[in-house]
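Only one structure is covered here, and it is reproduced in the block below.
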Amino acid sequence: MRTDPIRVALIGLGKMGLSHLAIVNTHPEARLVAVCDSASYVTEVLSRYTGLKAYGDYRRMLDEVRPDAVLVATPPGTHAAIVQAALERNSHVYCEKPLCTDAAESRRLANLAQAKGLVNQVGYHYRFVAAFQEAKRLLDAGVIGPIHHFRAEAYGPVVVRPAGATWRTSRAAGGGCLYDYACHAIDMVHYLVGRPQGVAGTVLNRMFSEEAEDEVYATLLYGDGKTGQLAANWSDDSLRKMALRVTLWGANGRIYADRQEVQLYLRKPVAEARGLVPGWNVRYTTALTPPVWFYLRGEEYSAQLDHFIQCARRGSPDTLCSFRAGAEADEVAAMLVKNAAGAPLDAPFPVRERVPFSTALEP
Amino acid sequence: MTVLPRLLFGDNQFFGVNHMSEERARAQAMRFATTSSMIEVLGAAYDEGIKAFMCTTHERIAEICQHVREHPRQFADFQFYPCMPYGVKYANAVTEHGIIGALKRFLPQEGAFGALVKGGFAVATRDVKGLGELLIDAEMKMFEGLSTPVIFLQNLVTDLLLGLGMHEGLRIFAEHVRCRYRAEPGFITMNLPRCLDVLEALGLDNPVVCANINKAGFRMCGGIGTYERAIATRRFQPIAMSVMASGAIPPREALEYVCAQPGIRSIVFGASSRANIRETRALVQELSRRAPRVAEAVAA
């Protein structure tokens, strides 16, 4: 375990980058040594008021500063080159989601990070939301038995009128509802129930955006007959901000989780889950969320960076949300694009004829 | 110095903000679908003697401001405690237009300086102070002609500046609010101990600081004990918010905890009905009277 602070450099000073900067800057075991952005306005203001060393060229920054760890928060289309440059210089890397717009690149970077034994993490921050972690704990303990169906949904107000073109509304640059919203739902599915083997009935529809989809719907298929539905719509301004919701149905009940709460319905009592009663059990984030050293816009944003820094201190590459997980999300996103374009299923999937209610829960 | 009222009425319930449940948040947003439904509840609060409204600069607050201006007798001595900026508005604009694009959208376009801004002058010269003041003025426009004794910087901005180490931004805010609006600057934060350290270092004496203060320790960064010690021993004017942790703590228990700390000047609370407002006011009156002097104990 290292005792001196981890020297961190940050690339990309948009909304996520500034948020990461504020959080890392206050971390007791990290020291922010340099920032980089192509917009000189932001870097000049920052360095004038904070004294931070600022760069416009990330390669120069990496060569001169030699940081222990790098945070990448640039538009997704630029991730592959930047992450590769950082890994080649033996820096641990945290990268915003999606990891890459080309899933093969994501896989290559995951392999490179693993081969070099470097800590690697992707910014799927919902994995650090206490309510989703509690849902995971309940699932892993088997309280609702084997899952036969789930629904993962992401709604929010990003594009609610025809808008000017930025990277965010261009699929090629890593924008669009699929990369921006649906990827969070896909990763949450991977976190909770694992990666699907196939996808079907994918719809990528446009409402306002010219160069990307505004809504994503699909059915996710598993080899054991389990199915899931994915729904994402970033043009829903009935919500103040993004809401991710997951509902899972198992042989012994159902779990619903969002950022604020976990609602568990149990059919029969189970030995693994002490304190849970048959029927409804509800737990709220106010009771579930562990405190953080600095709060900016949600405990999960602080928690994910702390996790990365602690892994870097220990030199343990296995993060809760590795590049491998990032590559898997990108691979499923690619499957959805292919399926929406009319590609047939690669293989027929088994349809479960009967949910084994009675057998699954017998001791 | 402004004497803070014991109770301030908050506006989270009006805009579907609930930190505990999406369902509750949506139900509240439906309950307050119209501005008149908000004004009705504000009127009930006023009748119960709560004449201070701590509100964001959400565009619908402008309609409430207009109503109060048009009904000076119904809302005599009514005070607004603006909290700026309404973060979601800026966050969405940054998402859509980038940082520079968003700045330009929120800056005034009229006047000689406005023209310079439009031409990118203030942006090009990195005039952060000038930009900050223009943004504050843009947010304050809706309160023209109304009483605003304290003007708050929202926690998203206070804490972002704390985190970035751009402490000068806090000073720019405080000075402009004092000079231009003759108001006391207030700071909302989720990181009370850190915030107090920085405000002290900036020489801002006895500042108004609003933070989560609740028995559950919910969103009290640095820990509940550190908060209690700061309230008991440090020189500032604390306003407790989220005292019920969005409903996680029952009202009596929640208010007992807050009222037992004599250092806490004010409590901001939200409610959706006259009955709830009356209950909270009565509880605070009762509990404040018999509160034990725990400050010394905590300090020791």
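The values are calculated or read from the model by the stated rules, or taken from the named source; none is laboratory data. From a predicted model like this one, the values you see are computed outputs, not experimental measurements. Backbone-built Cβ (ideal geometry, glycine too); neighbour counts: all protein chains shown. Surface areas here come from the heavy atoms of the whole protein model, side chains and all, with no ligands, DNA or RNA. Shrake-Rupley method; radii C 1.70, N 1.55, O 1.52, S 1.80 Å.
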query: Counting only residues that are more than 11 Å from every other protein chain (Cβ to nearest Cβ) and open to solvent by 40 Å² or more (accessible area, probe 1.4 Å), how many does segment A:259-288 have?
result: 12
query: Looking only at segment B:250-268, which residues are open to solvent by less than 10 Å² (accessible area, probe 1.4 Å) and either touching a residue at least 40 places away in the same chain (Cβ under 8 Å) or part of a loop (DSSP other than H, G, I, E, B) (or both)?
result: B:ALA254, B:VAL258, B:ILE264, B:SER266, B:ILE267
- request: May I ask you to list the residues in segment B:71-104 that are in a helix (DSSP H, G or I) and within 23 Å of B:ALA183 (Cβ to Cβ)?
  value: B:GLY87, B:LYS89, B:TYR90
field: Residue list for segment B:173-213, restricted to those being at the interface with chain A (Cβ under 9 Å from one of its Cβ atoms) and more than 14 Å from the chain's Cα centre (by Cα)
entry: B:ASN191, B:ARG194
query: Of all residues in segment B:16-45, how many are touching a strand residue (DSSP E or B) at 6+ places or on another chain (Cβ under 8 Å), in a helix (DSSP H, G or I) and within 14 Å of chain A (Cβ to nearest Cβ)?
result: 1
- request: Specify the residue that is nearest to A:ALA85 (Cα to Cα); the eligible residues are those in segment A:1-18 that are more than 12 Å from every other protein chain (Cβ to nearest Cβ) and surrounded by fewer than 21 Cβ atoms within 10 Å (Cβ to Cβ).
  value: A:ARG7
query: If only one of A:LEU21, A:LEU32 is within 10 Å of chain B (Cβ to nearest Cβ), modelled with pLDDT of 95 or more and closer than 20 Å to A:ASP63 by Cα, which one is it?
result: A:LEU32
- line: When B:THR280 is run through (1) open to solvent by less than 20 Å² (accessible area, probe 1.4 Å); (2) outside any helix (DSSP H, G or I); (3) touching a Pro at 6+ places or on another chain (Cβ under 9 Å); (4) more than 22 Å from B:THR2 (Cβ to Cβ), the failure sits at (2)
- request: Can you tell me which residue among A:SER302, A:SER322 is more than 14 Å from chain B (Cβ to nearest Cβ), crowded, with 19+ Cβ neighbours inside 10 Å and at pLDDT 95 or above?
  value: A:SER322
query: Is segment A:81-91 home to any residue that is open to solvent by less than 40 Å² (accessible area, probe 1.4 Å) and polar (S, T, N, Q)?
result: yes
statement: If we keep only residues of segment B:159-172 that are free of Cβ contacts under 8 Å to residues at least 40 places away in the same chain and of a type in the set (Gly, Ala, Ser), then the residue farthest from the other protein chains (Cβ to nearest Cβ) is B:GLY165
query: A:ARG313 versus (1) closer than 27 Å to A:ALA200 by Cα; (2) at pLDDT 95 or above; (3) of a type in the set (D, E, K, R): which is the lone unmet condition?
result: (1)
task: Run A:TYR58 past the list (1) more than 25 Å from the chain's Cα centre (by Cα); (2) closer than 24 Å to B:THR95 by Cβ; (3) away from every other protein chain (no Cβ under 14 Å) and report the number of the one that doesn't hold.
output: (1)
Odd one out for A:SER40, checked against (1) open to solvent by 40 Å² or more (accessible area, probe 1.4 Å); (2) over 24 Å from A:TYR295 (Cβ atoms); (3) within 12 Å of chain B (Cβ to nearest Cβ); (4) modelled with pLDDT of 95 or more: (4)
message: Take the conditions crowded, with 24+ Cβ neighbours inside 10 Å and either of a type in the set (Lys, Arg) or farther than 30 Å from A:ASP140 by Cα (or both) and apply them to A:ALA212. Does it pass?
response: yes
message: Take the conditions within 14 Å of chain B (Cβ to nearest Cβ) and surrounded by 24 or more Cβ atoms within 10 Å (Cβ to Cβ) and apply them to A:VAL129. Does it pass?
response: yes
task: Check segment B:227-234 and report whether any residue there is open to solvent by 20 Å² or more (accessible area, probe 1.4 Å), out of contact with any His (no Cβ under 7 Å at 6 or more places or on another chain), in a helix (DSSP H, G or I) and within 11 Å of chain A (Cβ to nearest Cβ).
output: no
query: Within the bounds of segment A:56-69, is there any residue that is closer than 26 Å to A:MET1 by Cα, at pLDDT 95 or above and assigned to a strand (DSSP E or B)?
result: yes
- prompt: Mind checking which residues of segment A:147-164 are facing chain B (nearest Cβ under 8 Å) and either under 30 Å from A:LEU266 (Cβ atoms) or under 18 Å from the mean Cα position of the chain (by Cα) (or both)?
  reply: A:VAL158
- prompt: Would you say A:VAL24 is on the phi < 0 side of the Ramachandran plot and buried (at least 23 other Cβ atoms within 10 Å of the Cβ)?
  reply: yes
message: Pairs please, first residue from segment A:103-122 and outside any helix (DSSP H, G or I), second anywhere and of a type in the set (Val, Ile, Thr), Cβ atoms under 7 Å, 6+ apart in sequence or on different chains.
response: A:LEU118/A:VAL93; A:VAL119/A:THR319; A:ASN120/A:VAL93; A:ASN120/A:THR319; A:GLN121/A:THR319
